[in-house]
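As structure tokens, the structure follows; a few thoughts come after it.
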Amino acid sequence: MSQTVLIVDDHAGFRGFARRLLEAGGFDVVGEADDGASALAAVAELRPELVLLDVVLPDTDGFAVAERLAHDGARPAVVLTSSRQAADFGSRLERSPTRGFIHKDDLSSAALASLAVEAP
Amino acid sequence: MSRRLLIALAVAGAAVTGAAAVLVLLAHDFQPYGPAEKVAQVAIGGIWVAAGLIAWQRRPGNRVGPLMTAVGFGNLAPFLYWDAALPFTLATLIEWLALPVGLHLILAFPSGRLSTRFERWFIAFTYAAVLVGSLISQLFADSSTGCPDCPRNLLRVNLDAGVWKVVSILGDLVLIAILLPAVVLLVRHVRRATGLTRRALAPVLLSWAAAATCLAALLVVDALGGKTEETALLWAGDVAFAAVPVAFLVGLLRTKLHRSGVADLVVELGSLPPPAQVRDAIARTLGDDSLELGFWLPAERRYVDADGKRLEADPRAGRAVTVLEPAGERLAVLVHDPSLLEDPELVEAVGAAASLALENSRLQAELRAQLVEVRASRARIVEAGDAERRRLERDLHDGAQQRLLGIRLALQLARGHAGDEQAIADLLSEADAEVLGALEELRALARGIHPAILTEDGLAAALSGLARRTPVPVELSVCTERMSAPVEATAYFVAGEALANVVKHAHASRVTIDVTRANGNLAIEITDDGTGGADANGAGLRGLRDRVEALDGHLQVECPSSGGTRVTAAIPCA
């Protein structure tokens, strides 16, 4: 059975393309959210196995959302993504409770799948 | 206070002292001490009266003079009773008044005023209690017991020893009710005293303590059965007690002595010294080290100090404020020790003497205030520029970059649909490579405007990113402490510009970047082993120097004879 994914990004265009890309790669995209608050609500409602989480969000940032998810009940696997480079976030990436980081330049089903299967 | 009253009091003081001395020498044998020591005690009373009258004459508005005079007369009174009932009765009636007068004197010293409502109530109570207590005790006291040679007490009405006992106990209780709060108030008076007051109080307390110590020692000697008539302690105590009025007088007149300093002040300020020296000279003349001098800026309606920084001139605890308006026009303000208010003429004289220098200093302070303002606004411009750069970087990231990323994903999808159409797949790949190139350029542009990592993770992380992207090997040593955003950004841009110059012109094989924090400064040093010859006045470095100086820092570019280039910057970051 394919893995369920929630896409969190404030750019609707990016979400649309990412949904199609991941679905073409065999993922089951169960929902989209455009900010941190709706992401938390969507996780509670949809219980996705995986969250593709943009770091820069209008209301908060991906690190804060990942922190909250790690302490809430559902605890989905979280993969951070951004159009900024990993180096731009310095040590915050390493400290966050996530599976990893994919630069938006490198986003593909294969890249996401390789991070998603790793043990937390 | 009229001259006539002063003369009358002086004559009375002399007469009383003379009479007391004669009486002590000729008439008395009911006192336990020898005649020589008695005359000394009379002389002390005379000294109190004389010192009090001098104080009264020199500081007419101050109660210290009258109070000291009263203490003197009070001291002389007990010597005036010769072997007659009336003077004896009167003298014993006022004998105890020395206590409230003495307390009033020391609590009101040196201003002459009692500072709190409680003090005023307490002193009023003390006067009343002692007067009433003396009267009541005179009604019941039997002078024949304890003082067999004393004259008859005219006020005596009751012979009952029991009543006298009760009255004595009540008297003791009243005495305790006076002495306990007196000690508390005294300690508080001394502790509250600041600067000038403290200096005036010190000799008084010292002489008083010496007198008290002698008295205590005397009592001990007495209790041990020693003969007090001949003891040196008695004389030492007399000397100490005679020093008390002198100490009061000196303390009181000390500020008066400062007045002779006004002439020196005129000479010193004649050369129109810089504002800070004007303050020091005035502080010296007024004898108040804590003095603050503020210059009035009429246009902005505020005071500034010698450095042009804002000075708050509101009266606050332990500070008093005097506005100097020598020619009716506000010039400056003194924030000073409240005890200076006792001598407003001195402050006024100093203000008048200093007016020319103050006017001159005010103009200088005004200039400095403008300089302070310019500096602040320069720093604000840098901060505003940084904020704008951050906004631009975010806009580039959120806008164009996101769209380009969307296009890349679309191209990926399209390639998936291209199937076997190799030509289309190749075209899509080429388009993707173009978009990727545009993204890279956009990112480099955004980073140049303001590197996001600087805000996220600080200078050390941002510089190591910068070093990674530099084609010349960079050796980095950066302190990891976070500093304010303008300081971090300035340091980053200095390093960035220096590195860019190295890459462009220096032909260097290695660069070292050293960032340390010491003595409230962030020091950045970028050294290379290239060909040197950097142009310190090139547009890039000149812009950076302006930026560094806007934060009160310095930037230096050197080309040592040993070769290479060294760019150093120091930015205050305390």
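The values are calculated or read from the model by the stated rules, or taken from the named source; none is laboratory data. What you are looking at is a predicted structure, and each value in this text was computed from that prediction instead of being measured. Neighbour counts run over all protein chains shown; Cβ positions are idealised from the backbone, glycine included. For accessibility, only protein heavy atoms count, side chains too; no ligands or nucleic acids. Shrake-Rupley method; radii C 1.70, N 1.55, O 1.52, S 1.80 Å.
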Original post:
Applying the selection to segment B:379-412, what residues are more than 10 Å from every other protein chain (Cβ to nearest Cβ), over 18 Å from A:Leu57 (Cβ atoms) and without any contact (Cβ under 8 Å) to a residue 24 or more places away in the chain?
Top reply: B:Arg380, B:Ala384, B:Gly385, B:Ala387, B:Glu388
Subject >> Looking only at segment B:354-405, and only at residues there that are of a type in the set (A, V, I, L, M) and open to solvent by less than 30 Å² (accessible area, probe 1.4 Å), the one that is farthest from B:Leu454 (Cα to Cα) >> reply: B:Ala354
**OP:** Scan segment B:60-82 residue by residue and report those that are under 21 Å from B:Ala40 (Cα atoms) and in a loop (DSSP other than H, G, I, E, B).
**Re:** B:Tyr81, B:Trp82
**OP:** For segment A:47-66, enumerate the residues that are at the interface with another protein chain (Cβ under 10 Å from one of its Cβ atoms) and either open to solvent by 60 Å² or more (accessible area, probe 1.4 Å) or in contact with a His (Cβ under 9 Å, 6 or more places away or on another chain) (or both).
**Re:** A:Asp54, A:Val56, A:Pro58
Original post:
Going by the conditions given, is A:Leu69 within 12 Å of chain B (Cβ to nearest Cβ), aliphatic (A, V, I, L, M) and in contact (Cβ under 8 Å) with a residue 12 or more places away in the chain?
Top reply: no
Original post:
Restricting attention to segment A:14-33, does a residue exist that is over 18 Å from B:Gln402 (Cβ atoms) and under 12 Å from the mean Cα position of the chain (by Cα)?
Top reply: yes
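Residues are listed down the side, and each one gets a yes or a no for (1) open to solvent by 70 Å² or more (accessible area, probe 1.4 Å); (2) modelled with pLDDT of 85 or more; (3) touching a Lys or Arg at 6+ places or on another chain (Cβ under 6 Å):
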| residue | (1), (2), (3) |
| --- | --- |
| B:Asp528 | no, yes, no |
| B:Gly533 | no, no, no |
| B:Gly540 | no, no, no |
| B:His554 | yes, yes, no |
Original post:
If you check B:Ala425 against the conditions, is it buried (at least 20 other Cβ atoms within 10 Å of the Cβ), among the hydrophobic types (A, V, I, L, M, F, W, C) and either without any contact (Cβ under 8 Å) to a residue 40 or more places away in the chain or within 14 Å of chain A (Cβ to nearest Cβ) (or both)?
Top reply: no
Subject >> B:Val503 assigned to a strand (DSSP E or B), out of contact with any Asp or Glu (no Cβ under 7 Å at 6 or more places or on another chain) and farther than 15 Å from B:Val382 by Cβ >> reply: no
Subject >> Unique residue being more than 23 Å from B:Leu341 (Cβ to Cβ), among the β-branched types (Val, Ile, Thr), out of contact with any Leu (no Cβ under 7 Å at 6 or more places or on another chain) and in contact (Cβ under 8 Å) with a residue 40 or more places away in the chain when the list is B:Ile94, B:Ile136 >> reply: B:Ile94
Subject >> Residue, surrounded by the most Cβ atoms within 10 Å (Cβ to Cβ), within segment B:433-473, restricted to residues that are more than 9 Å from chain A (Cβ to nearest Cβ) and among the β-branched types (Val, Ile, Thr) >> reply: B:Val435
Subject >> In segment B:340-353, residue farthest from B:Ala281 (Cα to Cα) [restricted to those that are open to solvent by less than 30 Å² (accessible area, probe 1.4 Å) and of a type outside the set (Gly, Ala, Ser)] >> reply: B:Asp343
**OP:** Among the candidates A:Ser109, A:Ser38, A:Ser91, A:Ser83, single out the residue that is open to solvent by less than 60 Å² (accessible area, probe 1.4 Å), touching a helix residue (DSSP H, G or I) at 6+ places or on another chain (Cβ under 6 Å) and either closer than 30 Å to B:Arg391 by Cβ or away from chain B (no Cβ under 14 Å) (or both).
**Re:** A:Ser83
Original post:
Does A:Thr98 fit the bill of being within 24 Å of A:Ala44 (Cβ to Cβ) and more than 14 Å from every other protein chain (Cβ to nearest Cβ)?
Top reply: yes
Original post:
Inside segment B:77-92, can you point out the residues that are among the aromatic types (Phe, Trp, Tyr) and modelled with pLDDT of 75 or more?
Top reply: B:Phe79, B:Phe88
**OP:** Would you be able to say whether some residue in segment A:10-18 is at the interface with chain B (Cβ under 10 Å from one of its Cβ atoms) and among the aromatic types (Phe, Trp, Tyr)?
**Re:** yes
Subject >> Residues located in segment B:92-112, provided they are open to solvent by 20 Å² or more (accessible area, probe 1.4 Å) and either in contact with a Lys or Arg (Cβ under 7 Å, 6 or more places away or on another chain) or more than 26 Å from B:Leu252 (Cβ to Cβ) (or both) >> reply: B:Thr92, B:Leu93, B:Glu95
**OP:** Return yes or no: is B:Arg375 of a type outside the set (Asp, Glu) and under 30 Å from B:Arg547 (Cβ atoms)?
**Re:** yes
**OP:** Just name the residue that is most open to solvent (accessible area, probe 1.4 Å) out of those in segment B:501-526 that are under 19 Å from B:Ala569 (Cα atoms) and without any contact (Cβ under 8 Å) to a residue 40 or more places away in the chain.
**Re:** B:Asn519
Original post:
How about segment B:70-91: which of its residues are within 27 Å of B:Leu253 (Cβ to Cβ), of a type in the set (Val, Ile, Thr) and in contact with a Leu (Cβ under 6 Å, 6 or more places away or on another chain)?
Top reply: none
